[in-house]
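Read through the structure below, which is laid out as structure tokens, and then see the notes.
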Amino acid sequence: MKTADLAQVLAQVKSSLRDLQQQGIEGFNCRPEFLRIVGRWTETPSCLAGDAAGQKAEGESLKEIKDDLGNCFRCPLHKGRSKIVFGEGSPKARLVFVGEGPGYEEDRSGRPFVGPAGQLLDKIIAAMKLDRSEVYICNIVKCRPPGNRNPAEDEIEACLPFLKRQIASIAPEVICTLGSVAAKTLLGTQSPISILRGRFHQWMGIKLMPTFHPAYLLRNPERKREVWEDVKKIMAFLRIPL
Ligand code: URA
């Protein structure tokens, strides 16, 4: 293993241990959920280069990944979808937003975050002095879960390799996960979003800031202040003046 890879794995171990500590867990145990977390610690940047569904190496374009995804039938979500929501934005974005999965409007249009939550995300992006075209917006799963339920584990497993390849292709400086599903999936933790948000984690050597989902903010506008604190940290890291 290369020194840089080892450093990334160690950073992820440190971040995961801190999550466990924040949940009040001081020792290590062998319960299946902990072993699953530890299993993910062994992921190295080679996962970015290719895995179960993604055999391609880094350096591939978003178009190549989209072509490879094709008219996907890899999980049951294909049955109820109108359109695959691949993701959109700059292929050279410094910042990638990762949501949970398409909703009704996204499923109809094939574009991420275009419904009411998307309109709030647009405002958040504008408050960061960025334009939607400068960032990249995508989701953990690319097809709408029926009734907007959370995506199931097998659906996430089928879709995640493509998201990893998209992020490897873009190579952003920061990933901002929106909501609990995106943060827990990428960080391989069960810690609640209220514990995860507000500080940078490492994901495959990339800074990752979890924050609340815009749909949650629509229902709980008093939490917008915390999201503003989170995005200010991203702005500072990207050296965008307030
Ligand atoms: N919610 C999400 O998580 N993603 C979308 O694309 C739209 C709403």
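The figures follow:
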{"read-out": "For region 96-147, alpha-carbon Rg relative to the globular expectation (2.2 N^0.38 Å, N residues)", "value": "1.10"}
{"read-out": "Segment Gln119-Glu64, extension gain: residue separation times 0.36 nm, minus the distance between their alpha carbons", "value": "16.9 nm"}
{"read-out": "Alpha carbon centroid spacing (whole Å) that separates region 215-238 from region 70-97", "value": "25"}
{"read-out": "Probe 1.4 Å - accessible area at Glu226, Å² to nearest ten", "value": "50"}
{"read-out": "Residue-wise HN-Hα coupling along region 211-223, computed from phi with Karplus coefficients 6.51, -1.76, 1.60 (Hz; x: Gly, Pro)", "value": "9, 5, 6, x, 5, 5, 5, 5, 8, 9, x, 5, 8"}
{"read-out": "Glu226-Glu157 pseudo-label distance in nm [points 7 Å out on the Cα-to-Cβ vector]", "value": "3.1"}
{"read-out": "Protection-proxy order for peptides 120-132, 169-181, each taking the mean of Cβ atoms within 10 Å per residue, highest first", "value": "169-181, 120-132"}
{"read-out": "Asn148 paired with Ser194, simple spin-label distance in nm, labels 7 Å along Cα-to-beta-carbon", "value": "2.2"}
{"read-out": "Chain lengthening between Ser133 and Ala236 when straightened (0.36 nm per residue, less Cα-Cα)", "value": "35.1 nm"}
{"read-out": "Hydrodynamic radius of region 82-226 per Kirkwood, over alpha carbon pairs, in Å", "value": "15.0"}
{"read-out": "Accessible carbon and sulfur surface of region 86-132 relative to its total accessible area, %, 1.4 Å", "value": "53"}
{"read-out": "Mean projection area, nm², convex hull over Cα of region 151-215", "value": "4.5"}
{"read-out": "For Lys207, residues with placed amide H under 5 Å, excluding near neighbours", "value": "Ile175"}
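The values are calculated or read from the model by the stated rules, or taken from the named source; none is laboratory data. Nothing here was measured: the structure is a model prediction, and the numbers come from that model. Heads up, the Cβs are rebuilt from the backbone with ideal geometry, glycines too, and the neighbour counts pull from every protein chain shown. What goes into the accessible areas is simple: the full protein's heavy atoms, side chains included, and nothing from ligands, DNA or RNA. Shrake-Rupley method; radii C 1.70, N 1.55, O 1.52, S 1.80 Å.
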